[in-house]
Amino acid sequence: MEFRRIFDTIPEQFDKYRPRYCPELFKYLIRFARIDSRSKVLELGPGTGQATEPILDTGCEYDAIELGEHLYAKMRQKFDSRPNFHIVNDDFITHDFGGKKYDCIYSAATIQWIPEETAFQKTCSLLNSGGTLVMMTTHADYKTPNEELYLRIQKVYDEYFKPEIEYPHRGFRYDHALNYGYTSFERQEFVARRVLTADEYVAYCGTHCDHIVIPEPYKSRFFDGLRDAVLSAGGKIEFRDVYTLYLATKP
């Protein structure tokens, strides 16, 4: 299976345990990109809608393109009743948008799966003049709230984290948008707190692409080790989530 399709194997778990972005991020995004009921917005790879509803709620004309057929089906199950919701099950890299133009295109941890040149050139070509490309990422920091638990978890990673496929996209440069026709670039950060039980933490970790592909017998030992580490620390793990918003503007 192509690695970027791996999330499509766990649509229900993905929907339940992937974190949502904080309200402050969406307020800033909507204001910066001037999204309202007259806007045309495209979301790249929405998964099961972790960053969808606040944009839909603006009343904009919302389009999405989702590669995974099961994630696509989950999106339709959740949002088909909304009159401004439209989604296609296809690959952004090859999809023909038929001359459509957008005021905002956004990606919540998706664009890094697309080759840089295609990601930036194609989004730029799909935007109206003055349009905005928005890219979001999450850094889940559990070391700052509890370093002792962090060190226990790292021991589990050292012993059992042996994925069959390495995650290949850690070096994606969001500021490279400036090399492909965008003329301004801005970065904003937002912080939120999240607390999970041991079982919730294990389920959340099971939604990471390189964690899904850990083979047995390491996989069971790995997730059991994570659960035991959190249980030994009182049964809760706290995250200091840092949500980063990258904004690029087409002239």
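What is segment 1-157 by shape, rounded, prolate or oblate, if you read a ≥ b ≥ c off the alpha carbon gyration tensor as root eigenvalues and call it rounded for a/c under 1.5, prolate for a/b larger than b/c, and oblate otherwise? Please list the in-between numbers first.
Details: a/c = 1.69, a/b = 1.51, b/c = 1.12.
In terms of gyration-tensor shape, prolate.
To make sure I understand, if each residue's beta carbon is the centre and we count other beta carbons within 10 Å, what order do Val213, Val242, Val195 fall in, fewest to most? All intermediate terms of the calculation are to be shown ahead of the outcome.
Numbers: Val213 18, Val242 14, Val195 11.
If I rank by nearby Cβ atoms, fewest first, I get Val195, Val242, Val213.
Provide the percentage of antiparallel DSSP beta bridges, counting only those with both residues in segment 3-249; round to the nearest 5.
Working: 24 of 44 bridges.
Of the beta bridges lying entirely in segment 3-249, close to 55 percent run antiparallel.
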Checklist line | Paramagnetic reach from Leu151 (point 7 Å along Cα→Cβ, amide N under 15 Å) across segment 224-251 | finding: 233
Check: Using the Cα atoms of segment 95-220 to build a convex hull, what is its mean projected area in square nanometres?
Finding: 10.2
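Sort Glu2, Glu69 so the one with the fewest other Cβ atoms within 10 Å of its own Cβ comes first. Intermediate results must be reported in sequence, preceding the final value.
Values: Glu2 9, Glu69 12.
With the fewest neighbours first, Glu2, Glu69 line up as Glu2, Glu69.
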Item checked: 14 Å Cα cut-off, lysine pairs counted over the chain (separation 8 or more, or different chains) -> 11
Next item on the list: Return the whole-Å distance between the Cα centroid of segment 114-162 and the Cα centroid of segment 1-63.
Entry: 15
Margin query: Give me, ordered by chain and number, the residues 5 or more places off Ala64 or on other chains with an amide H under 5 Å from its own placed amide H.
Written below: Glu43, His86, Ile87, Val88
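Since every read-out is calculated from the coordinates, none of them should be taken as a lab result. All figures in this text were calculated on a predicted structure; none of them were measured in a lab. Note that each Cβ is placed from the backbone with ideal geometry, even for glycine, and that neighbours are counted across all protein chains shown.
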